[in-house]
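To keep things clear, I will list the structure first and then write my remarks on it.
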Amino acid sequence: MTRNYKKYKTRINFIIGSAILSWACLCLRLFQIQVLNGAEYQSELVLQSQRKHIKIQDRGNFFDRDNRPLTRNIIHYTLSANPRKIIDKIGIANEISSITGKPINKYLNKLNSNSSFEYLERNMTRESVEGLKSNNYQGLLLEKKSRRYYPHNEIAAQLVGYTNDDNQGISGLEKYFDKYLKGELGWIYKTKGLSGKNQYKSGMPYKNPINGNNIQLTLDLEYQSILEEELIQRQLETEAVSATGLILDPQTGEILAIASTPGFNNNLFSKTDPKLHRIRAITDQFEPGSTYKVVSAISGLYSDKISPIQEFNCENGQYQYYTIPIRDHDKHSMLSTSQIIQYSSNIGIIKIIERVGPKTLYNTSRDMGFGSKTGIKLDGEVKGTLNPYKNWSAVSLGQIAMGHEVGVTAIQLAMAYCAIANGGYLLQPKLIRQIINNKNMTIHAEDPTVIRKIANEQTMFEIKKMLRSVIINGTGKNAEIAGWKIAGKTGTAQKWVDGKYSNNKFISNFVGFFPVEDPQLLTLVIIDEPKQPYHWGGQGAAIAFKRIMKRIISMDDSISPPTFVNHDKIPNSRGKNIIRSSKKELPINTSYPIELSIKTKFSQKFKIPDLRGLSMRKAMNTLNNNGILFEMIGSGRVARQSPKAGTIIDKKTKSIIELKQ
């Protein structure tokens, strides 16, 4: 060793030791960064160099039974900010104000707040935000979102409902089926390029959004429009508080239209009275009055305690029922059961129900769905009021027979009359035909649901004859439509106000269906507090019923007119002529309605009907009702069909229909 080395040995060893120690510390630090804390630093790197972008999904839409859209989704932008990161607050506020036309102070107040997040503006169009996007202001966040739009404004607004600012259903069907409609958000990671803009590179993680399911309703948009137009017109004519209506297929329980007036525009729901948003047909109960009298008639006939021709003394229009004086609109002496319904005699129905008894009336009322929810797929349905018969007072039997001391909803009353129309089967009201996913596949379809059989065919046959007589010679003459054999019942009920029945406030209601032999449509109309004399069911609601049905018959050629038979005129007990058919008008069908028939539902063979000369809509309805696959070519009326009419085909065979103008 040299003398210099010995002289500087300590220094050299110190330097070497320091270098080795530094290298070891560096290695340890690198080990800590890359191995021990690698995941943490990697996530920080990702946050700095990559950004997760949310990809919005499309909310599912509603369609009517003919696939006409009831909702749409519109893209819009939401502008928010982190006030702590914004430097030129005045400049940004001024630019936003110039775009929206709103005062600059509105935005300055938000930008000067101490919070880390503030919403500045919602529902901005793509064109209006282009300048903000190009300037790329620090601290501003521009989010692409979707909002709901209702193209028909007031039409079906209460039923469809609406969504909030986050596109979440909060009313009507939008709320009830939100989990099917909302879908799932997607996302994608983008990295910052040289220009500072976020760009997607292959291999980066992503998840595609899943669009919500579409829902096809049983609703018919044209029926719905007609119903709402006629209800508001009748409400204004009678100076009523409101009007409610329902149109159904009594064979399946499908709701074709449901409305209350006054209504609202669900695009502007926040600017209207929330009282207008509720679906009155399921949320509001009322005393039905004379439309409830058929319940007493059914309970008596089905229990064999009365007969249609059995006569009762109607006391010439005045009768003391315990402590309550009972009066009829017209004076009658002896009336048969059928005539009591025909003339809507209060005294007569009390005499009938005294023969029947409270237990039978209560059981029949329950069987017909009163006092319990119908099961309609909507939030807010009430079950009405029907007290147990053991809790009835001395006068309750007669009061309930007349439609007092019982609270019903419009949907309950309509479904009860559907049971009369279809031969005795209480159905669950149906609003949904099918739910279709984003791959256009049906994930849920609904068939008619029979809750129970409430009476036999013979009983309902007799009741339908009585309801037909109401239209021909009774209180429902204003509902008659020549050639269509309407059957129905009027109802007039005093409202219960301040602990007593009012002499000034009434509910006028009417339920009718047609044709009486094979009912295709049933309509209920309720007018709340009309001025007199429109408070009578035959003067107020029946006229609205007639207008609605006449417009639908003229518009929809899928409705088949009744088969005409020869009739003889014979005098009745009052010297008036009544119609009697030379053959039985209402043939008894001992099976379920055709749409409910198990044999029809599960049959694999079909007979091709003759469609030549039919319009496109009528041909489509005929094929759909028979479960036949088809393809339409051209427009106009059916000129040719393959296979030919009468051919027996299996379920998978497609029928080709050619149309010509």
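The values are calculated or read from the model by the stated rules, or taken from the named source; none is laboratory data. All values reported here derive from a predicted model rather than from experimental measurement. No Cβ is skipped: glycine too gets one built from the backbone with ideal geometry, and neighbour counts run over all protein chains shown. Calculation scope for accessible area: heavy atoms of the full protein, side chains included, ligands and nucleic acids excluded. Shrake-Rupley method; radii C 1.70, N 1.55, O 1.52, S 1.80 Å.
Applying the selection to the range 365-420, what residues are among the charged types (D, E, K, R) and assigned to a strand (DSSP E or B)?
none
Which condition from (1) over 30 Å from residue 181 (Cα atoms); (2) modelled with pLDDT under 85 is the one that residue 123 breaks?
The number of the failed condition is (1).
Note down all Cβ pairs under 7 Å where the first residue falls in the range 355-375 and is open to solvent by less than 30 Å² (accessible area, probe 1.4 Å), the second is assigned to a loop (DSSP other than H, G, I, E, B) and among the basic types (Lys, Arg), and they're at least six residues apart or on different chains.
Hits for this filter: 356/305; 371/383.
State whether one or more residues within the range 110-128 are surrounded by 17 or more Cβ atoms within 10 Å (Cβ to Cβ), touching a residue at least 12 places away in the same chain (Cβ under 8 Å), out of contact with any strand residue (DSSP E or B) (no Cβ under 7 Å at 6 or more places or on another chain) and of a type outside the set (A, V, I, L, M).
No; the residues of the range 110-128 include none that is surrounded by 17 or more Cβ atoms within 10 Å (Cβ to Cβ), touching a residue at least 12 places away in the same chain (Cβ under 8 Å), out of contact with any strand residue (DSSP E or B) (no Cβ under 7 Å at 6 or more places or on another chain) and of a type outside the set (A, V, I, L, M).
Considering only the range 464-501, state which residues are part of a loop (DSSP other than H, G, I, E, B), open to solvent by 20 Å² or more (accessible area, probe 1.4 Å) and not β-branched (Val, Ile, Thr).
The answer is 480, 482, 483, 484, 498, 499.
Identify, please: which residue in the range 426-463 is open to solvent by 20 Å² or more (accessible area, probe 1.4 Å) and among the charged types (D, E, K, R) and is, among those, farthest from residue 541 (Cα to Cα)?
Residue satisfying both the conditions and the ranking: 439.
Sort out which residues of the range 366-420 are basic (Lys, Arg) and within 21 Å of residue 244 (Cβ to Cβ), and write them in order of number.
Scanning the range 366-420 gives 373, 377, 383.
Being more than 21 Å from the chain's Cα centre (by Cα), surrounded by 24 or more Cβ atoms within 10 Å (Cβ to Cβ) and of a type outside the set (Gly, Ala, Ser) is the filter here, so list the residues in the range 520-545 that pass it.
Matches in the range 520-545: 530 only.
Could you figure out which of (1) farther than 26 Å from residue 423 by Cα; (2) part of a loop (DSSP other than H, G, I, E, B); (3) in contact with a Lys or Arg (Cβ under 7 Å, 6 or more places away or on another chain) isn't true of residue 516?
(1)
Quick one: is residue 423 open to solvent by less than 10 Å² (accessible area, probe 1.4 Å) and not in a helix (DSSP H, G or I)?
Against the criterion (open to solvent by less than 10 Å² (accessible area, probe 1.4 Å) and not in a helix (DSSP H, G or I)), residue 423 qualifies.
Taking into account only those residues within the range 152-162 that are open to solvent by 40 Å² or more (accessible area, probe 1.4 Å) and not polar (S, T, N, Q), which is farthest from residue 62 (Cα to Cα)?
154
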